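Peer 1: Just dropping this structure here.
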Amino acid sequence: SSVAGLTALPGTAAYGASKWGVRGLTKMAAQEYGSARIRVNSVHPGMIVTPMTEQFGANTAEGGFPLAAAGRWGRPEEVAEAIAFLLSDAASYVSGAELAIDGAWTCGEIALMGVSDAR
């Protein structure tokens, strides 16, 4: 999915609505299929360096992304590693979860207070 399913982003109504739908589907499917030992989770990446985010200046993971408390763009392999964990036996009791991989972007603006000074 996307962080657009976790927070309202200006100018993304249709895209965001589809991502919010993924959240509902995740919860319902986790309940519906849990007794069959099927785990259902959703992953919500933030600004990850991909062709889709190049229009926003994501050319490399080295550049800064000021909206994320981490202060940088995410890398595709960071998303892949989180998904690999969710698929592993180590996550056998994780179901119905919504995992934001966003450098704390969706934690809110309060998380950014003083961050730029610390960098």
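Computed from the coordinates by the stated procedures, all read-outs in this text should not be read as laboratory data. The model shown is predicted, which means the values in this text are computed figures rather than measured ones. Methodologically, a virtual Cβ is constructed for each residue, glycine included, from the backbone with ideal geometry; neighbour enumeration extends over all protein chains shown.
Peer 1: Relative to the compact-globule scaling 2.2 N^0.38 Å, provide the ratio for the alpha-carbon radius of gyration of the chain.
Peer 2: For the chain, the normalised Cα radius of gyration comes out at 1.15.
Peer 1: Once the Cα atoms of helix 13-33 and of the chain are each reduced to a long axis, what angle between those two axes, in degrees from 0 to 90 to the nearest 10, is obtained?
Peer 2: Around 30 degrees separate the two axes.
Peer 1: Within region 1-76, report the GluC sites (Glu not before Pro) that DSSP leaves as loop and that have at most 14 other Cβ atoms within 10 Å.
Peer 2: Passing sites in region 1-76 are 62.
Peer 1: Would you list 20, 105 from fewest to most Cβ contacts within 10 Å?
Peer 2: Ascending number of Cβ neighbours within 10 Å: 20, 105.
Peer 1: Can you compute the charge dipole magnitude of region 1-92 about its Cα centre, using +1 on each Lys and Arg Cβ and -1 on each Asp and Glu Cβ, nothing else charged? Give it in debye, rounded to the nearest 20.
Peer 2: For region 1-92, the charge dipole is close to 340 debye.
Peer 1: Residue farthest toward the positive end of the dipole of the chain, with Cβ of Lys/Arg at +1 and Asp/Glu at -1: which of 73, 26, 104?
Peer 2: My answer, from the dipole projection, is 26.
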